[in-house]
1. Which order results if Arg207, Arg238 are arranged by neighbouring Cβ count within 10 Å, fewest first?
2. Can you sort Glu236, Glu191 so the residue with the fewest Cβ neighbours within 10 Å comes first?
3. Is the C-alpha gyration tensor of segment 49-134 telling us rounded, prolate or oblate? Criteria: a/c under 1.5 is rounded; beyond that, a/b larger than b/c is prolate, otherwise oblate.
4. Quick one: Debye curve from the C-alpha atoms of segment 108-245, no solvent, what's log10 I(q)/I(0) at q = 0.09, 0.13, 0.15, 0.17 Å⁻¹?
5. Just from its helices, what would the mean residue ellipticity at 222 nm be for the chain, if runs of 4 or more DSSP H residues each count -39500 (n - 2.57) and the sum is divided by every residue, rounded to the nearest 500 deg cm²/dmol?
6. Restrict the search to segment 167-245; then list the chymotrypsin sites (Phe, Trp or Tyr not before Pro) that DSSP places in a loop and that have at most 12 other Cβ atoms within 10 Å of their Cβ.
7. Quick one: grab the alpha carbon gyration tensor of segment 61-108, order the square roots of its eigenvalues as a ≥ b ≥ c, and give me rounded if a/c is under 1.5, else prolate or oblate depending on whether a/b is larger than b/c.
8. 5 Å is the cut-off here: which amide hydrogens, built 1.01 Å from N in the peptide plane, fall below it relative to Ala30, excluding neighbours closer than 5 in sequence?
Amino acid sequence: MCVLAFAWQAHPKWRLVMAGNRDELHARPAAPLDRWEAPAHVIAGRDLTAGGTWLAVVTNLRGFGPPLPDRASRGALVRDLLAGDGNYAAPDAIDLAAFNPFNLIFVDASGPRFLTNQPSPMHAPLASGLYGLSNGALDEPWPKTGQIKGQLLDWIVAGAHDPAALLDGLESETLPATGLPPEEPSDAPLEPRLSPIFIRHPMYGTRCSTVVAIDRDGRGLIVERRYDAQGIATGETRLDFGWPV
């Protein structure tokens, strides 16, 4: 049950700030955040089962059952959009119904766009503001979604200095008392109906936390903190990059 918050043009210094967790089976192999050899402009982790990645950002959707194996790879969708090449490189031409249920946020020079295929295919631009997303609708007020949005808002109000400081909030295991519970149970059998931002479980849990920040001049930072099956941090990668504006 991945969760994230992102702010688009919500602070004078920052064009984009995103903070989120990837939750997945610990047995599913993945490569840590790095600069890809091809295409060379991509910086991301890599799913070693399907070859895609999870940071664009894409989340599964609850209530539709396990993924169907004959559907196109959602990780490949993210990979092609980031690469600007492949079957899914053009957002407007993608057949969203060809994939298992998903939400995806895609940001390019024109701004952020939200793609989803449930309850029906939708491709919509997003205005400036603060957003939260988990495994339901965009900004659906689940407790953990509201909590992570609140953390990002607090960081902005406090001066929005070091984006990497947002990583500590992504380790929160406190279940908020406010918000609406999901209408559907999780499609991950080991996950409870309600879960905190950080999921600690030996089989399915938080695999990594990621923060991305891009300032008004296009100077970018991405930081990934990785965790083992006991929820213990095993490594951290911090990379600077430039983003055309």
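Where a number appears in this text, it was derived from the coordinates with a stated rule and is not lab data. Nothing here was measured: the structure is a model prediction, and the numbers come from that model. Virtual Cβ from ideal backbone geometry, glycine too; neighbours counted across all protein chains shown.
1. Arg238, Arg207
2. Values: Glu236 15, Glu191 19.
The order, fewest Cβ neighbours first, is Glu236, Glu191.
3. Note, shape of segment 49-134 comes out oblate.
4. -0.32, -0.69, -0.93, -1.18
5. Helix-only estimate at 222 nm: -3500 deg cm²/dmol.
6. Counting only loop positions with at most 12 other Cβ atoms within 10 Å, none of the chymotrypsin sites (Phe, Trp or Tyr not before Pro) in segment 167-245 qualifies.
7. The shape class here is prolate.
8. Leu48
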